[in-house]
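The values are calculated or read from the model by the stated rules, or taken from the named source; none is laboratory data. Since the model is a prediction, treat every value here as computed from it, not as a measurement. Positions of Cβ are backbone-derived with ideal geometry, glycine not excepted, and every protein chain shown enters the neighbour counts.
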Amino acid sequence: MSKIGRPMKDAIILDNSPSAYMLQPECAMPILSWYDDPKDRALTDLIPLFIQLSKIHDCREALTRFVKNNTVDMNLAK
């Protein structure tokens with residue numbers, strides 16, 4: 001992730017597999033798999049949270065507050 005040349009404070013890794021973000025867990029936003037579910041809305045449901053994250057200086061500080069054990073605690077995210 002650090003190889004893309006963008007500031008890590010502005011990067012979020014959205015993935016259903018913890019192995020995808022194990023090297024930068026502070027940038028991780030876990031999401032449930034959507035395979036074979038045409039009604040899946042997990043990404044759409046995260047839009048308000050992403051809007052709020054776009055307003056802060058370093059998203060890593062916020063993510064580590066509400067992402068625990070590869071799970072997003074939406075109560076803490078508010």
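One table, with the values for the structure above:
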| quantity | calculated |
| --- | --- |
| Cβ pairs under 7 Å, 6+ apart, first in the stretch 49-66 and of a type in the set (Lys, Arg), second in a helix (DSSP H, G or I) | Arg60/Met8; Arg60/Lys9; Arg60/Glu26; Arg60/Cys27; Arg65/Leu76 |
| Top-ranked residue of the stretch 69-78 - restricted to ones that are outside any helix (DSSP H, G or I), loosely packed, with under 11 Cβ neighbours inside 10 Å and not hydroxyl-bearing (Ser, Thr, Tyr), ranked as modelled with the highest pLDDT | Asn69 |
| Which listed residue is over 24 Å from His57 (Cβ atoms) and at pLDDT 90 or above, from Ala11, Ala28, Ala20 | Ala20 |
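To keep it simple, each residue is scored yes or no on (1) loosely packed, with under 11 Cβ neighbours inside 10 Å; (2) outside any helix (DSSP H, G or I).
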site	(1), (2)
Trp34	no, yes
Asp37	yes, yes
Leu43	no, no
Leu49	no, no
His57	yes, yes
Leu63	no, no
